[in-house]
Amino acid sequence: MAAVESQMLELGTLAPPFSLPDPDGVHHALAKGANAYLIMFICNHCPFVKHVREELARIGSEYGQRGVAVFAINSNDIANYPGDSPEQMKLEAETWGYAFPYLLDDDQSIAKQYLAACTPDFYVFDAEQRLVYRGQLDDSRPGNSKPVDGRDLRAALDAALSGTPASEQQVPSIGCNIKWKPGNAPDYF
């Protein structure tokens, strides 16, 4: 399993807008009005995502109830990775109880705008949609025996909700690289 680190989009960046379909074809857009925003780039088959998906479901449920707009985005090439197809995304969301939209970035343009590089890759934006955190969920990795508790991401979300700065020490997320379509890999990859 090859591991790639996130690209660490510049703090203060305005959230790139999107309108993407879920597996049923219903479009979900980044809109104003939430207390904070969590954007996660994930997929179904990555061992790093499988390792944390229960915590993703807990965070989505808990922080969604606190006014955080939560979105998961799958930007993988589904033609070459059919395990990440919309049908499998729907099954994944139902199986693990995702209480947030799980969206397909079929042309991979949204991943590029966010400088997403790996799955999982996490971004927290404040109520003004300014980036306050990009980094890891926590320091647990497949096989390292550390607990999956979402410590780093939870602290960033709590800071965004309270209007206080997130920690300046932000550790890049690590995971499987986004599976780019042939000839579509971005310059930063």
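The values are calculated or read from the model by the stated rules, or taken from the named source; none is laboratory data. It should be emphasised that the depicted structure is a prediction, and the values quoted were computed from it without experimental measurement. Neighbour counts run over all protein chains shown; Cβ positions are idealised from the backbone, glycine included.
I'm trying to understand the selection: among the residues of region 51-72, which are touching a residue at least 24 places away in the same chain (Cβ under 8 Å), in a helix (DSSP H, G or I) and of a type outside the set (Val, Ile, Thr)?
Our first condition is that a residue be touching a residue at least 24 places away in the same chain (Cβ under 8 Å); within region 51-72, this holds for 51-61, 63-64, 66-72.
Remaining after also requiring in a helix (DSSP H, G or I): 51-61, 63-64.
Result: His51, Arg53, Glu54, Glu55, Leu56, Ala57, Arg58, Gly60, Ser61, Tyr63, Gly64.
Tyr98 - would you say it is without any contact (Cβ under 8 Å) to a residue 60 or more places away in the chain, within 18 Å of Glu62 (Cβ to Cβ) and of a type in the set (Phe, Trp, Tyr)?
Details: without any contact (Cβ under 8 Å) to a residue 60 or more places away in the chain: yes; within 18 Å of Glu62 (Cβ to Cβ): yes; of a type in the set (Phe, Trp, Tyr): yes.
Yes.
Can you tell me which residue within region 73-131, out of those that are of a type in the set (Ser, Thr, Tyr) and either in a loop (DSSP other than H, G, I, E, B) or at pLDDT below 95 (or both), is farthest from Ser19 (Cα to Cα)? Break it down stepwise before answering.
The initial filter retains those residues of region 73-131 that are of a type in the set (Ser, Thr, Tyr), namely 75, 81, 85, 95, 98, 102, 109, 114, 119, 123.
Filter once more, keeping what is either in a loop (DSSP other than H, G, I, E, B) or at pLDDT below 95 (or both): 75, 81, 85, 98, 114.
Working: Ser75: 13, Tyr81: 23, Ser85: 18, Tyr98: 19, Tyr114: 14 Å.
Applying the filter and picking the extreme gives Tyr81.
Looking at region 61-105 only, could you name the residues that are within 15 Å of the chain's Cα centre (by Cα), within 17 Å of Val26 (Cβ to Cβ) and polar (S, T, N, Q)?
Listed by number, the list holds a single entry, Asn74.
If I filter region 1-29 down to residues being in contact with a Leu (Cβ under 9 Å, 6 or more places away or on another chain), part of a loop (DSSP other than H, G, I, E, B) and among the aliphatic types (A, V, I, L, M), which single residue comes out as surrounded by the most Cβ atoms within 10 Å (Cβ to Cβ)? Explain how you work it out, then say what you get.
Initial filter on region 1-29 (in contact with a Leu (Cβ under 9 Å, 6 or more places away or on another chain)): 6-23, 27-29.
When the remaining residues are screened for being part of a loop (DSSP other than H, G, I, E, B), the result is 6-13, 15-18, 22-23.
Those left that are additionally among the aliphatic types (A, V, I, L, M): 8-9, 11, 15.
On the way: Met8: 16, Leu9: 17, Leu11: 14, Ala15: 20.
My answer is Ala15.
State the number of residues belonging to region 150-189 that are of a type in the set (D, E, K, R), assigned to a loop (DSSP other than H, G, I, E, B) and surrounded by 15 or more Cβ atoms within 10 Å (Cβ to Cβ).
Filtering region 150-189 down to residues of a type in the set (D, E, K, R) leaves 151-152, 154, 158, 168, 179, 181, 187.
Okay, now just the ones that are also assigned to a loop (DSSP other than H, G, I, E, B), so 168, 179, 181, 187.
Cutting the leftovers down to surrounded by 15 or more Cβ atoms within 10 Å (Cβ to Cβ) gives us 179, 181.
Selection size over region 150-189: 2.
Taking Cys118 and the conditions (1) under 22 Å from Glu54 (Cβ atoms); (2) without any contact (Cβ under 8 Å) to a residue 60 or more places away in the chain, which numbered condition does it fall short on, given that it satisfies the others?
Condition (2) is where Cys118 drops out.
Check Leu137 against each of (1) surrounded by 23 or more Cβ atoms within 10 Å (Cβ to Cβ); (2) among the aliphatic types (A, V, I, L, M); (3) not in a loop (DSSP other than H, G, I, E, B) and name the one condition it does not meet.
Here Leu137 meets the rest and fails (3).
Would you check if Glu54 is acidic (Asp, Glu) and more than 16 Å from Asp105 (Cα to Cα)?
Working: acidic (Asp, Glu): yes; more than 16 Å from Asp105 (Cα to Cα): yes.
Yes: the conditions hold for Glu54.
Within region 35-49, work out how many residues are farther than 16 Å from Leu153 by Cβ and either without any contact (Cβ under 8 Å) to a residue 40 or more places away in the chain or part of a loop (DSSP other than H, G, I, E, B) (or both).
So in region 35-49, the residues farther than 16 Å from Leu153 by Cβ come out as 43-47.
Subsequent filtering for residues that are either without any contact (Cβ under 8 Å) to a residue 40 or more places away in the chain or part of a loop (DSSP other than H, G, I, E, B) (or both) retains 43-46.
Adding up the residues that qualify gives 4.
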